[in-house]
Amino acid sequence: MEIKKLLELGLNILGEREYLNGPLDVILILSYLLDVDKSYIYTHGDRQVSEKIVDKFLELTQKRKAGWPMAYLINEKEFYGLNFYIEEGVLIPRPDTEILVDYILNEAIKNYQGSISILDLGSGSGCIGIALAYYIKNAKVYSIDIDDKALEVTRKNVERFHLQDRVIVMRGNILEEINSLQIDEKVDIIVSNPPYIPKKDIEQLQIEVKCFEPRRALDGGIDGLDFYKKIIPASKKYLKSGGMLIFEIGYDQGDSLVELFESENYENINVIKDLQGLDRVIFGTLP
Ligand code: GLN
């Protein structure tokens, strides 16, 4: 079948729905299956593809229709200019999280000319710690997660970007055993994008998220703050004096988080808002 005919079939399957970009999704699926760039698809509408590709394409398009996120279908998601390997079972990197990485990169350029150590709690796909290690050449990163799939995907991504010598991937349980992580030095920065959605809000999320992404990476307990309440007090054990604790947070969690930071005597506490003017990141420094 010709590429352009196949794309048409795919578009008909997908139809229209919020959060679904039919024309882009069919092209991404086909370029993934043919292992070519998007631009190849645009310029080779007349090329014939095999029956095997047609079947696989229709299968993935049906899955997309049913709500599967694109990143799980094509095993890839771009984050901060890097293409991460992604599969079902890990949280998909979000553009919002680039704000967190961006802030740390700027701080690192300003304040850390020597070596810098970073602890990423709840690494998921590994995207935060790996992007930091990739762009900060003197950084050493500890990526911690409790989940086997997350550890496996983080390791894959560490290899993908050849960062084995500077990113250490370790299992650790933030909720139950935050005080017994095996980190052999105090670090300059602790960063985390923990699960922070209040349990009752999860059902309101779009189908791609609530039905296909891991609950474990989203559910922050009754008020969404379970992980922050564990990490903030425990962070002092792992952070150097003058070091920074920085989190991604939910859109309305800024005030509660400022209080939690203050109750542990953090200084220079600031909330960064996203482009929509909503709370997105909080940081503070340890005296
Ligand atoms: N930002 C994500 C979402 O809205 C949540 C990520 C998280 O809980 N850390 O789906």
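The values are calculated or read from the model by the stated rules, or taken from the named source; none is laboratory data. Please read all numbers here as calculations on a predicted model, not as lab measurements. Glycine gets a Cβ as well: all are built from the backbone with ideal geometry, and neighbour counts include every protein chain shown.
Before we move on, is Glu76 surrounded by fewer than 22 Cβ atoms within 10 Å (Cβ to Cβ), charged (D, E, K, R), within 16 Å of the ligand (Cβ to nearest atom) and modelled with pLDDT of 95 or more? Give the derivation first.
Details: surrounded by fewer than 22 Cβ atoms within 10 Å (Cβ to Cβ): yes; charged (D, E, K, R): yes; within 16 Å of the ligand (Cβ to nearest atom): no; modelled with pLDDT of 95 or more: yes.
Judged against the criteria, Glu76 is not a match.
Looking only at the stretch 113-140, which residues are touching a strand residue (DSSP E or B) at 6+ places or on another chain (Cβ under 8 Å) and in a loop (DSSP other than H, G, I, E, B)? Reasoning before the result, please.
Of the residues in the stretch 113-140, the ones touching a strand residue (DSSP E or B) at 6+ places or on another chain (Cβ under 8 Å) are 115-134, 136, 138-140.
Across the stretch 113-140, the qualifying residues are Ser115, Gly122, Ser123, Gly124, Ser125, Gly126, Ile136, Asn138.
Right, Asp55: at pLDDT 95 or above, farther than 20 Å from Ile92 by Cβ and charged (D, E, K, R) or not? Reasoning before the result, please.
On the way: at pLDDT 95 or above: yes; farther than 20 Å from Ile92 by Cβ: yes; charged (D, E, K, R): yes.
Judged against the criteria, Asp55 is a match.
Kindly indicate which of Ile246, Ile207 is touching a residue at least 40 places away in the same chain (Cβ under 8 Å) and within 30 Å of Arg17 (Cβ to Cβ). First the steps, then the outcome.
Details: Ile246 fails: within 30 Å of Arg17 (Cβ to Cβ).
Exactly one of Ile246, Ile207 is touching a residue at least 40 places away in the same chain (Cβ under 8 Å) and within 30 Å of Arg17 (Cβ to Cβ), namely Ile207.
Of the residues Asp274, Asp223, only one is within 14 Å of the ligand (Cβ to nearest atom), surrounded by fewer than 16 Cβ atoms within 10 Å (Cβ to Cβ) and closer than 19 Å to Leu105 by Cα; which?
Working: Asp223 fails: closer than 19 Å to Leu105 by Cα.
Result: Asp274 is the single residue among Asp274, Asp223 that is within 14 Å of the ligand (Cβ to nearest atom), surrounded by fewer than 16 Cβ atoms within 10 Å (Cβ to Cβ) and closer than 19 Å to Leu105 by Cα.
Residue pairs whose Cβ atoms lie under 7 Å apart, sitting 6 or more positions apart in sequence or on different chains, and linking a residue in the stretch 10-38 that is modelled with pLDDT under 95 to a partner that is in a loop (DSSP other than H, G, I, E, B) and of a type outside the set (Gly, Ala, Ser), are Leu14/Leu20; Tyr19/Gln206; Gly22/Glu16. Report yes if Ile231 is closer than 22 Å to Tyr251 by Cβ, away from the ligand (no atom under 11 Å from the Cβ), in a helix (DSSP H, G or I) and touching a strand residue (DSSP E or B) at 6+ places or on another chain (Cβ under 7 Å), otherwise no. Spelling it out, Ile231 is indeed closer than 22 Å to Tyr251 by Cβ, away from the ligand (no atom under 11 Å from the Cβ), in a helix (DSSP H, G or I) and touching a strand residue (DSSP E or B) at 6+ places or on another chain (Cβ under 7 Å). Screening Asp252 against (1) within 14 Å of the ligand (Cβ to nearest atom); (2) touching a helix residue (DSSP H, G or I) at 6+ places or on another chain (Cβ under 9 Å); (3) touching a residue at least 12 places away in the same chain (Cβ under 8 Å); (4) not hydrophobic (A, V, I, L, M, F, W, C) leaves a single unmet condition, (2). Screening Asn157 on (1) assigned to a helix (DSSP H, G or I); (2) away from the ligand (no atom under 15 Å from the Cβ); (3) more than 24 Å from Asp274 (Cβ to Cβ); (4) out of contact with any strand residue (DSSP E or B) (no Cβ under 6 Å at 6 or more places or on another chain) shows it passes everything except condition (4). For the stretch 169-191, does any single residue satisfy the condition of being under 23 Å from Glu88 (Cα atoms), of a type in the set (S, T, N, Q) and within 15 Å of the ligand (Cβ to nearest atom)? Taking every residue of the stretch 169-191 in turn, none turns out to be under 23 Å from Glu88 (Cα atoms), of a type in the set (S, T, N, Q) and within 15 Å of the ligand (Cβ to nearest atom). Ile104: touching a strand residue (DSSP E or B) at 6+ places or on another chain (Cβ under 7 Å), at pLDDT 95 or above, surrounded by 16 or more Cβ atoms within 10 Å (Cβ to Cβ) and not in a helix (DSSP H, G or I), yes or no? Criteria not met by Ile104. Annotation: Lys200 fulfils all but one of (1) within 16 Å of the ligand (Cβ to nearest atom); (2) in contact with a helix residue (DSSP H, G or I) (Cβ under 9 Å, 6 or more places away or on another chain); (3) free of Cβ contacts under 8 Å to residues at least 24 places away in the same chain; (4) not hydrophobic (A, V, I, L, M, F, W, C); the unmet one is (2).
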